[in-house]
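Trainee: I'd like to ask some things about the structure below.
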Amino acid sequence: MKWLIGFLALVSVKIDSGRDLREAAKLGDGVRVRELIQQGAQVDSAGDDGDGSRMTPLLWAAVEGHAEVVRSLIEAGAAIDLAPDVHGTALKGAADQGRIEIVDILLRAGAEVDSRAKSDGVTPLMMAARSGHSEVAGLLLKAGADPSLRSDQGMSAFMEAASKGHLDVLKLLDSRITELGKRTPDEETAVIFAAIGGHVDIVRYLLGAGWSPNHSADLGVTALHAAVNQGHDDVLKVLLEGRCRFAAGGRRSKRQGL
């Protein structure tokens, strides 16, 4: 019986030290992180500490932008591409938050540049494009990120940038991706997504690059339908100035609710 009590006590200590390490990493307390590692805390301990998702010390440090802690954890043997939660790796989290120094550290340490989240198939490059972090996107591309990859929803990094209105990222990706990567499997183009979001500068740029505002997705939706349905008069004006023809009878888009 004594051995069982001792075993349970040891397990409890390990659980507590793992929680303490995650908290220290989250707060960027480098001294405490190194202390806990020296005491034997599990460097890849994962747990839900009240935020609703499973996080590791490295994930917390990456997301919060604590470079010193990230280096300490990697030196201690943290699994760089570990994704204990469905939302992805430390690299994806850092890219989402625009933590360019962290992204650089992780890439130099051998992180998988095109790692995909189990929940939606999104890559770090897609997250950088979605969040508008052009410098991070550039660093990922330099490291070999594939801009032609699509998420489970059929969205490439180019489409994410168009949808969220990030012109600088869109321009960065424009010459690095094939035409196939500039539309979804449902034939929804970047122009349509930009029109849905009301991103006049994106629409103007795409039209200037030769994109047709008359293109119809599989369900009959054009950029004009999108602009009208969303009430984006400024986008509609730009589209009409491009001499596009409004095709009557457009049906509703299953993804965008148009």
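Trainee: When you go through (1) under 16 Å from Leu170 (Cα atoms); (2) out of contact with any Pro (no Cβ under 9 Å at 6 or more places or on another chain); (3) crowded, with 24+ Cβ neighbours inside 10 Å; (4) small (Gly, Ala, Ser) one by one for Gly138, which number turns out not to apply?
Mentor: (3)
Trainee: Name the single residue that is nearest to the chain's Cα centre (by Cα) among those in the range 54-72 being surrounded by fewer than 24 Cβ atoms within 10 Å (Cβ to Cβ) and among the small types (Gly, Ala, Ser).
Mentor: Gly65
Trainee: Let me ask something else about it. List the number of the failed condition for Val31; all other conditions in (1) part of a helix (DSSP H, G or I); (2) hydrophobic (A, V, I, L, M, F, W, C); (3) buried (at least 16 other Cβ atoms within 10 Å of the Cβ) hold.
Mentor: Only one criterion in (1) part of a helix (DSSP H, G or I); (2) hydrophobic (A, V, I, L, M, F, W, C); (3) buried (at least 16 other Cβ atoms within 10 Å of the Cβ) is unmet by Val31, namely (3).
Trainee: Quick one: which helices (runs of 4 or more DSSP H) sit completely within the range 53-127 and have at least 1 residues that are in contact (Cβ under 8 Å) with a residue 40 or more places away in the chain, polar (S, T, N, Q) and closer than 21 Å to Gln42 by Cβ?
Mentor: Counting at least 1 such residues, we get 67-75.
Trainee: Taking the residues in the range 83-123 that are more than 24 Å from Asp48 (Cβ to Cβ) and of a type in the set (Gly, Ala, Ser) as candidates, determine which candidate is surrounded by the most Cβ atoms within 10 Å (Cβ to Cβ).
Mentor: Step by step, filter the range 83-123, then rank; the result is Gly98.
Results for (1) touching a Leu at 6+ places or on another chain (Cβ under 8 Å); (2) closer than 23 Å to Met159 by Cβ, shown as yes or no for each residue.
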| position | (1), (2) |
| --- | --- |
| Ser53 | no, no |
| Leu58 | yes, no |
| Gly77 | no, no |
| His87 | no, yes |
| Gly98 | no, yes |
| Thr123 | yes, yes |
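Trainee: Search the range 203-227 for residues that are in contact (Cβ under 8 Å) with a residue 60 or more places away in the chain and pair each with any residue that is part of a loop (DSSP other than H, G, I, E, B) when their beta-carbon atoms are under 9 Å apart and the residues are at least 6 apart or on different chains.
Mentor: So the pair list comes out empty.
Trainee: Of Val136, Val200, which residue is more than 30 Å from Val70 (Cβ to Cβ), at pLDDT 95 or above and β-branched (Val, Ile, Thr)?
Mentor: Val200
The values are calculated or read from the model by the stated rules, or taken from the named source; none is laboratory data. The structure presented is a predicted model; accordingly, all values stated were derived computationally and were not measured. Every residue, glycine among them, receives a Cβ derived from its backbone with ideal geometry; neighbour counts consider all protein chains shown.
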